[in-house]
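Report on the following structure.
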Amino acid sequence: MNATWTPPAASDATGFAIRPVRPAEHRALGEISARAYLDGGLLTRGADDPYLDVLRDVARRAAEAEVLVAVDPDGTLLGGVTFVPSGGSPWADIAGPDEAEFRVLTVSGAARGRGVGEALVRACADRARAVGGCVRLVLSVIPQAVAARRLYDRMGFARAPRRDWEPVPGVRLLAYELTL
């Protein structure tokens, strides 16, 4: 984690905090991530989708990128996100050298509607601003993730159709950018 970035403190308005994931939380966050994608209908092969293994492998994500979580004061995990500071990481799908990216934004079913997703995206934007030379925060999202796309629109992300891509044939991802 970049020493110039400090996770935001718990907000009086939200009651939860954003911080780096702890190793003891990897399994629980992996299940929150898998459940969010399954329940949201975001996996083309449902429970047989190989991407579930990626979603559940928080230890790998945390070793190769930065994983942030939202937690209640009692330590209950509410959701998480994988932040990629710049291109070159195995987790950077579309980020260039002067861009940061985030992936696997997930919120537990019980925490939906509390602003957790927005807080995690804001933490990624703040984190990206702390990266020297970073000019944009980018992401890819499946078209079926309507709620996520509404969130990105509301937060000022712009569609970047020239960057749309297919990680596997038949799975189209839409690209978004936020100029920092």
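The values are calculated or read from the model by the stated rules, or taken from the named source; none is laboratory data. None of the values given here were measured: they were computed from a predicted structure. Virtual Cβ from ideal backbone geometry, glycine too; neighbours counted across all protein chains shown. With ligands, DNA and RNA removed, areas are computed over all heavy atoms of the protein, side chains included. Shrake-Rupley method; radii C 1.70, N 1.55, O 1.52, S 1.80 Å.
Can you give me the distance in nm between label points at Glu166 and Gln144, each placed 7 Å from the Cα along the Cα-to-Cβ direction?
Simple spin-label model gives 1.7 nm for this pair.
Starting from the Cα gyration tensor of the chain, multiply each eigenvalue by 5, take the square root, and state the resulting semi-axes largest first in whole Å.
Equivalent ellipsoid semi-axes, largest first: 22, 20, 16 Å.
Quote the FRET efficiency, to the nearest 0.05, computed for Ala47 versus Arg27 with a Förster distance R0 of 25 Å and r equal to the Cβ-Cβ distance.
Efficiency at R0 = 25 Å is approximately 0.85.
Going by a ≥ b ≥ c, the root eigenvalues of the Cα gyration tensor, does region 111-168 fall in the rounded group (a/c under 1.5), the prolate group (a/b larger than b/c) or the oblate group?
It comes out oblate by the Cα gyration axes.
Residue by residue through region 53-69, which ³J(HN,Hα) values in whole Hz follow from phi under the Karplus form 6.51 cos²θ - 1.76 cosθ + 1.60 (θ = phi - 60°), with glycine and proline marked x?
Result, rounded to whole Hz: 4, 5, 4, 7, 8, 5, 4, 5, 4, 5, 6, 10, 8, 10, 10, 9, 10.
Whole-Hz ³J(HN,Hα) for each residue in region 94-106, computed from phi via Karplus 6.51 cos²θ - 1.76 cosθ + 1.60 with θ = phi - 60°, x for glycine and proline: what do you get?
10, 5, x, x, 9, 10, 10, 9, 10, 9, 6, 7, 9
Report, in whole Å, the centroid distance computed from the Cα atoms of region 139-180 and region 94-130.
A separation of 13 Å, based on Cα centres.
Before I look further, what does the chain give for accessible area per residue, probe 1.4 Å, in whole square angstrom?
For the chain, the solvent-accessible area averages 48 Å² per residue.
Would you be so kind as to identify which of Pro23, Val71, Leu178 lies farthest towards the positive end of the dipole of the chain, taking Lys and Arg as +1 and Asp and Glu as -1 on Cβ and the Cα centre as origin?
The residue sitting most towards the positive pole is Leu178.
Carbon and sulfur: what percent of region 31-93's accessible surface (1.4 Å probe)?
Summing carbon and sulfur atoms, their accessible area is 47 percent of the total for region 31-93.
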